[in-house]
Amino acid sequence: MLLYIDVADGDTFTRDDDGLEFTDLNEACGAVVALLPEIAREAVHGSGRLAAMMRARERYIAAQVRDASGKVLFRTRLRLDME
């Protein structure tokens, strides 16, 4: 089953135009939920990234799974609060 995973990280939105093959929707949903913490970990690496995140005090990372027609089948969001 060909599904598309779009990711929003702060003000950056990445649209999946290629898609990925999954055995079913549950597999795709699991992959998307596992992806968000990975994106969060990568966000704190690199010069100034963590400091910028701390100044912002919160950050949202979201992803959605959609089918070829564009219908969103699943959404998930990770919120990071920093004090």
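The values are calculated or read from the model by the stated rules, or taken from the named source; none is laboratory data. Small disclaimer: the values here were computed from a predicted structure and weren't measured. Here the Cβ positions follow ideal geometry from the backbone for every residue, glycine too, while neighbour counts run over all protein chains shown.
Tabulated values for the structure
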quantity: Residues (free of Cβ contacts under 8 Å to residues at least 40 places away in the same chain and β-branched (V, I, T)) located in segment 1-50; calculated: T12, T14, T23, I39, V44
quantity: Answer residue from segment 49-83, given it is basic (K, R), farther than 14 Å from L3 by Cβ and part of a strand (DSSP E or B) and is modelled with the lowest pLDDT among those; calculated: R59
